[in-house]
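Okay, so here's the structure we're looking at.
The values are calculated or read from the model by the stated rules, or taken from the named source; none is laboratory data. None of these values were measured; they are calculated from a predicted model. As a convention, Cβ positions derive from the backbone with ideal geometry for all residues, glycine included, and neighbour counts pool all protein chains shown. Heavy atoms of the whole protein, side chains included, go into the accessibility calculation; ligands, DNA and RNA do not. Shrake-Rupley method; radii C 1.70, N 1.55, O 1.52, S 1.80 Å.
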Amino acid sequence: MTEQISINTEDNSLKELLLNIKELTSFLMKHYKLIILISLIGGVLGFLYASNQKPTYTAKMTFVLEEAKGGASGLGGLASLAGQFGVDIGGTSGGGVLSGDNILLYFKSPSLAREVLLSPFEEKSKTSIADFYANVYGLKKIWRNDKNIGDISFPILETNRTYSLVQESLLKGIIDRINSSQFSVVRADKKAAFIDVISSMQDELLAKIYCERIVQKVVDRYISIKTQRQNATVQKLQLRVDSIANLLKQKTMSGAYLQNSTNTLDINPLYRTGTTVAVETTIRDKTLLSTIFANVTQNLEMAKFTLSQETPVIQIVDSPILPLKKVKISRIKTTLQGAFLFAFIIILLLLGRRVYFKIFKG
């Protein structure tokens, strides 16, 4: 008896569900003209949107980053020897500002993008990349129609050149726009060292130049930061080698002069004795300087070797080549998406209106 009641309840629920679906379908069919009309409007708007969108060009650059191998065996004794002269020749690369995946974030540094945008668009060109970008995207026209901005441009970055607050603000807007949707940096594989730099813009040459220029800037800065400490060590040792070499040269010339003086006959024995002492002292100083010079020179050569080991190797694998990949929004796809979206919205509104009247109006 209980099983029969349960079956009857399930049958009633299924019948109610089918009746509700039939009722909703009938309700929507009464408004099919409105639904079709709204769908057509959405399709037309989608078609117009796709037609007015300019195509974008994608520039892709792939490079391999090979980190320096620090902690090489055999450098421990050298570091200890150099430490006696107050010099640190390194030997370990360790982590840093641009270690690991930090370089991916560094690509989107505002200061880096600013330097690229304020560089010449082409060699010997007086137009900056920022000006060319503003023309391509119609920003210049928008700025001219704004009373607070007017006709504005971005001169090429030079030493001691300053920019107004308006220029800096507009430039920041361009950088945010590029980094948010027009520029990306990703690893091709988490376990691989391949890094893809991609820029997508409405001008083919602009996308190519921006992609290449920002990679070059990052490579230069990356190597400079990675080798800054070791470069300072090499320069310090080079100064010491040059200084000791000059002192050694002076002692050599002084010793040669005194040696000639002792070989000259002189009737004054006291003079000859004093000259002999000076020669012996000079030879002693020369021997000491020669020993120090040999050690410091060895340290310098090993510091240069360490510098070469700590310098990261960045190999460009693929560069963007014209013509670039062209990406155009599909009119058919956008039309269908617009039609379905507007149809979905009007159906929700109709159903919501029906529920409202059914609950509150009885």
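For (1) modelled with pLDDT under 80; (2) within 21 Å of PHE107 (Cα to Cα), each residue gets a yes or a no:
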site: SER199; (1), (2): no, yes
site: ARG213; (1), (2): no, yes
site: ILE223; (1), (2): yes, yes
site: GLN228; (1), (2): yes, yes
site: ARG240; (1), (2): no, no
site: THR252; (1), (2): yes, no
site: THR262; (1), (2): yes, no
site: VAL279; (1), (2): yes, no
site: THR282; (1), (2): yes, no
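Within region 188-205, can you find the residues that are under 17 Å from the mean Cα position of the chain (by Cα) and open to solvent by less than 10 Å² (accessible area, probe 1.4 Å)? Break it down into steps so the answer makes sense when it comes.
Kept after step one, since they are under 17 Å from the mean Cα position of the chain (by Cα), are these residues of region 188-205: 188, 193-200.
Scanning region 188-205 gives ILE195, VAL197, SER199.
Which residue is most open to solvent (accessible area, probe 1.4 Å), if the candidates are limited to region 153-176 and must be under 23 Å from LYS54 (Cβ atoms) and touching a residue at least 12 places away in the same chain (Cβ under 8 Å)? Show your work before the answer.
From region 153-176, those under 23 Å from LYS54 (Cβ atoms) are 153-154, 170-171, 173-176; that's our starting set.
Still in the running and touching a residue at least 12 places away in the same chain (Cβ under 8 Å): 153-154, 170-171, 174-175.
Numbers: SER153: 54, PHE154: 2, LEU170: 27, LEU171: 5, ILE174: 4, ILE175: 14 Å².
Of everything passing the filter in region 153-176, SER153 is most open to solvent (accessible area, probe 1.4 Å).
Of all residues in region 102-111 being in a helix (DSSP H, G or I) and touching a residue at least 12 places away in the same chain (Cβ under 8 Å), which is least open to solvent (accessible area, probe 1.4 Å)?
ILE103
Considering each of ASN145, ASN179, ASN135 in turn, give the residue that is open to solvent by less than 60 Å² (accessible area, probe 1.4 Å), of a type in the set (S, T, N, Q) and farther than 19 Å from THR62 by Cβ. Step through it out loud before you land on a result.
Numbers: ASN145 fails: open to solvent by less than 60 Å² (accessible area, probe 1.4 Å); ASN135 fails: open to solvent by less than 60 Å² (accessible area, probe 1.4 Å).
The unique qualifying residue is ASN179.
Restricting attention to region 225-255, and to residues there that are among the hydrophobic types (A, V, I, L, M, F, W, C) and open to solvent by 70 Å² or more (accessible area, probe 1.4 Å), which single residue is nearest to ALA303 (Cα to Cα)? Explain how you work it out, then say what you get.
Our first condition is that a residue be among the hydrophobic types (A, V, I, L, M, F, W, C); within region 225-255, this holds for 225, 232, 234, 237, 239, 241, 244-245, 247-248, 253.
Then keep just the ones that are open to solvent by 70 Å² or more (accessible area, probe 1.4 Å); that gives 225, 239, 247, 253.
On the way: ILE225: 17, LEU239: 13, LEU247: 23, MET253: 30 Å.
Selected residue: LEU239.
For every residue, the table says whether it meets (1) crowded, with 17+ Cβ neighbours inside 10 Å; (2) of a type in the set (Asp, Glu); (3) without any contact (Cβ under 8 Å) to a residue 40 or more places away in the chain.
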| position | (1), (2), (3) |
| --- | --- |
| THR282 | yes, no, yes |
| LEU289 | yes, no, no |
| ASN299 | yes, no, no |
| LEU324 | yes, no, no |
| ILE329 | no, no, no |
| THR334 | yes, no, no |
| GLY338 | yes, no, no |
| ALA343 | yes, no, no |
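Within region 1-85, considering only helices (runs of 4 or more DSSP H) that don't extend past its boundaries, which have at least 3 residues that are open to solvent by less than 80 Å² (accessible area, probe 1.4 Å) and either among the hydroxyl-bearing types (Ser, Thr, Tyr) or at pLDDT below 70 (or both)? Break it down stepwise before answering.
Details: elements: 2-30, 32-52, 76-83.
Qualifying helices (runs of 4 or more DSSP H): 2-30, 76-83.
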